[in-house]
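Student: Just dropping this structure here.
The values are calculated or read from the model by the stated rules, or taken from the named source; none is laboratory data. These figures come from a predicted structure and were not determined experimentally. Using ideal geometry, Cβ is built from the backbone for each residue, glycine included, and neighbour counts are taken over all protein chains shown.
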Amino acid sequence: MVIVGHVDHGKSTLVGRLLYETGSLPDGKFEQIQTVCRRRGMQFEWAFLMDALQAERDQNITIDVSQIWFKTRRRNYVIIDAPGHKEFLKNMVSGAASADAALLLIDAHEGIQEQSRRHAYLLSLLGIRQVVVVVNKMDLVNFDQAVFTRIEADYRDFLRQLNVQPLQFLPIAARDGVNMVTPDPRTSWYEGPTLIQMLDDLEQPVPPADLPLRFAVQDVYRFDRRRILAGRIESGTLRVGDTVVFAPSNKESVVASIEVWNAAQRSAVSAGESVGITLREQIFVERGSVGNHIDQMPIETNRFRARVFWMGDRPLSLAKKYKIKLLTQEIECQLASIDQVIDASTLEASSAIRRTVEKNEVAEVTIQSRGPLVMDNYDRLQTSGRFVLVDGNDVAGGGVIFGGVYLVHKQVKSSNITWSESHIRYRDRVERNGHPGLVVWMTGLSGSGKSTLARALEKELFERQMQAYVLDGDNMRHGLNSNLSFSPEDRVENIRRVAEVAKLMADAGVITVTSFISPYRLDRVRAREIVASSGVEFVEVYVSAPLEVCEKRDPKNLYRKARAGEIKGFTGLDAPYEIPENPELVLETSEESAEACLEQLLEFLLPRLRVD
């Protein structure tokens, strides 16, 4: 559990007293601190029992994250004492990220402060739902019930906005041990549990070994003709004989052995263990790959949404390149958009257009990476749902992932079918063509201008000596997808097949332009996932035009037929179109000419098609 709160609200004092009351101090520690205080002419403070750094004693603040072990009659605990000072917010976030529960301290005399709100907000974003609010220093307000009640009412209202339901509000005086282990008559008006009773009532978290398998590969070694994949079991359990799929390549093999350094082979390993494994069938796996069980696959994408806590001295900027570190994956990335910046004290969200996120701000952003990343939504798996951003040589921010779409790995192929690797490297194709492969996914209503722009783009790129090709919706349904109807299920399959073809073409070095209504947001997300799995960039272009404009254009007379009842389930009329949430580019064809829209397309795409 993590203990957080505004500076000087008594966190270190609470922990020191808690250790003393539960008999968890090392022999002689209490007497040692008393001796030191007398020698230095200082008054004894309970905080000195765990403030290990000399700088903390001199400044009387906690500047680092301390981990302290203690136990009650029921179970063992690890306390994460996180600093409350605003300048050390990074330490607080890193400490809280691994907690199962939180104690949130408020000084009864000072009341709710800015950091009290900020810390609660960060705890809510980190998904910590077991929160106990401790109102400390009740002795400074003469154990006044009215003061406690007012703080509880105000803070409950704030937490309600965060969808956090505190388990208990608890009045204490940590310095004197009031309500720590036994009820105190000075708070006879309080009928709830003591602090120790409350802690022992917290729910035990799900054991990491019971969560989905995530085996983060750190390196690949060769010993005695064996190829050993070394890494850490971040969550789940891995056994000899398990079939493991390694993302993002999605190649699979069976675990032949589990190797442990300087020990006998094991038949099974669980979360938290660093091991090596060998495979029955040798497949290409490298550092950054993540092993998973087939029925519990992660998210694979090069574009995702996250909540970022920015701690860097320089602002987080749209135009700048950063390195993202997630498990053992390290890859260059940049912000695709800053969707909103949130004031953690007031919870007010600013949706105004921003190009930067300043120090100590929290923002919801969309991140684009140069290649596919393997991840989870943070509320499902914490270890693979959080990351850090590196600015230069400094870890300047951290984030948690949300809203990602999980893909199901369907094992429908024969076990005798294997992926055939080309002898021609993708890098060689890029050098030969003079540009990388790319998928430009144009989506919009019928009549919005997708096909017109797709063909114009294809011609312009071809005249620039680039390899480009349009996958047109009608053309695909004449051949490859001729067996599909326009039912919702077949629309999903239509887009899946197109995405698979686009991935292969882009992997061959072709700039692949697709022109499809693709009305469902989830289908477009899945198309992005499929393309990103090969390391190819996916650019979603929303060709936007109001329904009345599209219907007026009606180049194929489809709207007229749909209005006449000749076509059922027509997108925009009696079937939905879900507008993209975060496309790379929006082209307003009702307001701009085709030539102007093409210029916008080229301005966006050409820098991405340069070869370094």
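Student: Test residue 307 against the criterion of being in a strand (DSSP E or B), in contact with a helix residue (DSSP H, G or I) (Cβ under 8 Å, 6 or more places away or on another chain) and outside the structural domain of residue 524 (by TED's automatic domain parsing), and give yes or no.
Tutor: yes
Student: Of the numbered conditions (1) of a type outside the set (S, T, N, Q); (2) farther than 15 Å from residue 136 by Cβ; (3) modelled with pLDDT of 70 or more, residue 26 fails exactly one; give the number of that condition.
Tutor: Among (1) of a type outside the set (S, T, N, Q); (2) farther than 15 Å from residue 136 by Cβ; (3) modelled with pLDDT of 70 or more, the lone unmet condition for residue 26 is (3).
Student: Now, a different point. Could you check region 458-493 and list, in sequence order, the residues that are under 29 Å from residue 430 (Cα atoms) and under 35 Å from the mean Cα position of the chain (by Cα)?
Tutor: Result: 468, 469, 470, 471, 472, 473.
Student: Continuing with this model, one more query. Got a sec? Which of 327, 335, 318, 279 is surrounded by 14 or more Cβ atoms within 10 Å (Cβ to Cβ) and at positive phi?
Tutor: 327
Student: For residue 222, which of the numbered conditions (1) part of a strand (DSSP E or B); (2) touching a residue at least 40 places away in the same chain (Cβ under 8 Å); (3) out of contact with any Leu (no Cβ under 8 Å at 6 or more places or on another chain) fails to hold?
Tutor: Exception for residue 222: condition (2).
Student: Right, next: May I ask you to say which residue of 561, 503, 556 is in the same structural domain as residue 437 (by TED's automatic domain parsing), out of contact with any Cys (no Cβ under 6 Å at 6 or more places or on another chain), exposed (fewer than 14 other Cβ atoms within 10 Å of the Cβ) and touching a residue at least 24 places away in the same chain (Cβ under 8 Å)?
Tutor: Going through 561, 503, 556 in turn, just one is in the same structural domain as residue 437 (by TED's automatic domain parsing), out of contact with any Cys (no Cβ under 6 Å at 6 or more places or on another chain), exposed (fewer than 14 other Cβ atoms within 10 Å of the Cβ) and touching a residue at least 24 places away in the same chain (Cβ under 8 Å): 556.
Student: Look through 594, 562, 545 and report the one residue that is of a type outside the set (Phe, Trp, Tyr) and under 25 Å from residue 485 (Cα atoms).
Tutor: Within the list 594, 562, 545, the selection yields 562.
Student: Could I ask something else about it? Identify all residues within region 98-140 that are assigned to a loop (DSSP other than H, G, I, E, B) and either free of Cβ contacts under 8 Å to residues at least 24 places away in the same chain or farther than 20 Å from residue 307 by Cβ (or both); write none if there are none.
Tutor: 108, 109, 110, 111, 112, 113, 137
Student: A further question follows. Among the residues of region 151-171, is there at least one that is under 29 Å from residue 76 (Cβ atoms) and acidic (Asp, Glu)?
Tutor: No; the residues of region 151-171 include none that is under 29 Å from residue 76 (Cβ atoms) and acidic (Asp, Glu).
Student: Collect the residues in region 172-219 that are of a type in the set (Val, Ile, Thr), farther than 20 Å from residue 99 by Cβ and not in a loop (DSSP other than H, G, I, E, B), keeping them in residue-number order.
Tutor: Across region 172-219, the qualifying residues are 178, 187, 217.
Student: Having 2 or more residues that are at pLDDT below 90 is the bar; report the helices (runs of 4 or more DSSP H) wholly within region 547-612 that clear it.
Tutor: In region 547-612, 558-563 are the helices (runs of 4 or more DSSP H) which contain 2 or more residues that are at pLDDT below 90.
Student: If a residue has to be of a type outside the set (Lys, Arg), at pLDDT 75 or above and within 13 Å of residue 116 (Cα to Cα) to count, how many in region 1-23 make the cut?
Tutor: Number of matching residues: 4.
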